[in-house]
Amino acid sequence: MDQACSRSRSALLIRTCRHIMDDGCLCQAAALRGREFCAAHVRLRERRWRMMRARRRIQARFEIPPLVDLWTVRLAMVRVRVALASGLIERRTAGLMFYGLRMAASNLRYMELRDEYSDFGAEEMEAERRSATPPNSNVNYCIHINRLE
């Protein structure tokens, strides 16, 4: 240790702050009663602790909605972009999330197309069934045809 940092400990009868300064020396201010640090460094540590807690709360608020349609997938993509820009998630994590969201969007598009084709086919089949069935018949036949093959 250099001369500025070294002081005789035997002459001090009070507890001193245990904070290590940027230059490597101890603070040497009087510690608060029952604490290991002086008032300034207790406030500094409390401020850092509050900031860390707030950062954790913000990270916990990052949520993605259930991916039930294309609009919620787009909303999730926007939330991932905002989280990436604000530093809540890393670039690699965001890339993996975007990949998964693109896959979900592709699957949802396929499902919507399939539903449109099946709805179109169901209306035609219902019309054929009504026209082919006698009005007082108790027997109904329905043949399902998959149009995506």
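Of the residues making up the range 22-38, at least one is at pLDDT 90 or above and not in a loop (DSSP other than H, G, I, E, B).
Inspect the range 31-40 for any residue being in the same structural domain as Arg15 (by TED's automatic domain parsing), closer than 30 Å to Cys17 by Cβ and touching a His at 6+ places or on another chain (Cβ under 8 Å) and give the result as yes or no. The answer is yes; a qualifying residue exists. Note on the range 60-84: among residues that are small (Gly, Ala, Ser) and surrounded by 10 or more Cβ atoms within 10 Å (Cβ to Cβ), the one that is modelled with the highest pLDDT is Ala76. Only one entry of Met97, Met77 meets the criterion of being in contact with a Leu (Cβ under 6 Å, 6 or more places away or on another chain) and not in a loop (DSSP other than H, G, I, E, B), and that entry is Met77. Residues considered: Arg43, Arg18, Arg33, Arg50. Of these, the only one that is among the charged types (D, E, K, R) and under 30 Å from Thr93 (Cβ atoms) is Arg50.
The residues of the range 13-39 that are loosely packed, with under 12 Cβ neighbours inside 10 Å and either touching a residue at least 24 places away in the same chain (Cβ under 8 Å) or on the phi < 0 side of the Ramachandran plot (or both), listed by number, are Leu13, Ile14, Ile20, Asp22, Asp23, Arg33. Looking for something modelled with pLDDT of 85 or more and among the β-branched types (Val, Ile, Thr) - is there at least one such residue anywhere in the range 47-59? Taking every residue of the range 47-59 in turn, none turns out to be modelled with pLDDT of 85 or more and among the β-branched types (Val, Ile, Thr).
The values are calculated or read from the model by the stated rules, or taken from the named source; none is laboratory data. In this text the structure is predicted, and so the values were computed from the model without any measurement. Note that each Cβ is placed from the backbone with ideal geometry, even for glycine, and that neighbours are counted across all protein chains shown.
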